[in-house]
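All remarks here apply to the structure that follows.
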Amino acid sequence: MTTLFIADLHLSDHEPTITAGFLAFLQREAVHADALYILGDLFEFWIGDDDPNELHDNIANALSQLHDKGVPCYFIHGNRDFLIGKNFAKRSKMVLLPEESVIDVYGQKMLIMHGDTLCIDDPGYLRFRRYIHNTIIQKIFLSLPLFLRQKIAGKLRRQSKRSNRTKSSLMMDVNPLAVIKALKDHQVIHMIHGHTHRPAIHDMTIGRRLSQRVVLGAWHDNGSVLRIDPGDKIDLASFPL
Ligand code: LP5
Ligand code: MN
């Protein structure tokens, strides 16, 4: 019995090894799990459920098969694929969860999220995020022809890479006060997130209570997974793709 957590795979046509590694991971490992949680940025970017990309069909089919074998899959949006909608969720048979969700993992309450909202030292990003999460702006974007959406997404990715080169490592990490606030708001002591691509298990003391924040790794040369079993054993592992 194990519950699995992954994030930041950034699947795209340009990274066939990661896609193959993910499909193999589903068949080799996820199929034996109690549940799979994907905490955002499954895809490099998402411009609408109506994008007729074969990769999306392959991933939807693989996740749907996982569900049919008895393994539920839950998804929280990332900053790249926040436009994944009900249609893709239905095709994949995965459950879309709110951006901050408290789940029960073998009797332990855990807060799960993508992690970008914890990066409050990056006001430029937060402004940008507010803008692209505006429902009217999203509706307008989704009504544009696909080629235009593709172009805008490409431009945003290039712009993001450029601006990330100028930001300090501290600025692109989570802010400790934001972490404490999120834990307090949800009245939990365990948190799991991705986004920063800095896999680690951070043990902290908040007040007098021991607390833990697990950061999931991104999939680049290796895959990355967090395994939790009913004995509370936590294993943050990377594996070859
Ligand atoms: O993604 P990552 O890890 O590289 O960087 C993130 C932040 N960047 C983003 C942008 C995404 O990479 C691109 C998302 C594409 C989505 C496709 C759908 C688009 C729909 C839009 C309409 C509804 O999230 C980055 C953070 C970093 O994490 C670390 O936390 O720093 O933030 C930025 O780069 C934002 C910049 O700081 C501000 C950007 C200003 C953008 C100006 C737009 C100009 C182009 C307009 C084109 C029409
Ligand atoms: Mn991210």
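Structure data summary
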quantity: Options F45, F5; residue that is open to solvent by 10 Å² or more (accessible area, probe 1.4 Å), within 16 Å of ligand 2 (Cβ to nearest atom) and not in a helix (DSSP H, G or I); calculated: F45
quantity: Selected residue [aromatic (F, W, Y), open to solvent by 40 Å² or more (accessible area, probe 1.4 Å) and under 26 Å from R213 (Cβ atoms)] from Y125, Y106; calculated: Y106
quantity: Exclusive hit being open to solvent by less than 70 Å² (accessible area, probe 1.4 Å), within 21 Å of F5 (Cα to Cα), in contact with a strand residue (DSSP E or B) (Cβ under 9 Å, 6 or more places away or on another chain) and not in a loop (DSSP other than H, G, I, E, B), set V179, V174; calculated: V179
quantity: Subset of region 60-77 [touching a helix residue (DSSP H, G or I) at 6+ places or on another chain (Cβ under 7 Å) and not in a strand (DSSP E or B)]; calculated: A60, A62, L63, S64, L66, K69, V71
quantity: Residues of region 98-112 classified as within 18 Å of L216 (Cα to Cα) and in contact (Cβ under 8 Å) with a residue 60 or more places away in the chain, total; calculated: 8
quantity: Residue match in region 10-29 (condition: outside any helix (DSSP H, G or I), in contact with a strand residue (DSSP E or B) (Cβ under 7 Å, 6 or more places away or on another chain), within 16 Å of ligand 1 (Cβ to nearest atom) and open to solvent by less than 10 Å² (accessible area, probe 1.4 Å)); calculated: yes
quantity: Test: residue in region 109-116 that is exposed (fewer than 15 other Cβ atoms within 10 Å of the Cβ), more than 13 Å from ligand 1 (Cβ to nearest atom) and under 18 Å from the mean Cα position of the chain (by Cα); calculated: no
quantity: Subset tally (residues that are surrounded by 14 or more Cβ atoms within 10 Å (Cβ to Cβ) and either within 16 Å of ligand 2 (Cβ to nearest atom) or in a helix (DSSP H, G or I) (or both)) for region 134-151; calculated: 5
quantity: Region 158-189: number of residues that are within 18 Å of P123 (Cα to Cα) and either without any contact (Cβ under 8 Å) to a residue 40 or more places away in the chain or not small (G, A, S) (or both); calculated: 21
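The values are calculated or read from the model by the stated rules, or taken from the named source; none is laboratory data. The structure presented is a predicted model; accordingly, all values stated were derived computationally and were not measured. Don't worry about glycine lacking a Cβ; one is built from the backbone with ideal geometry, like all the others, and counts go over all protein chains shown. Areas reflect the complete protein model, heavy atoms only, side chains present, ligands, DNA and RNA absent. Shrake-Rupley method; radii C 1.70, N 1.55, O 1.52, S 1.80 Å.
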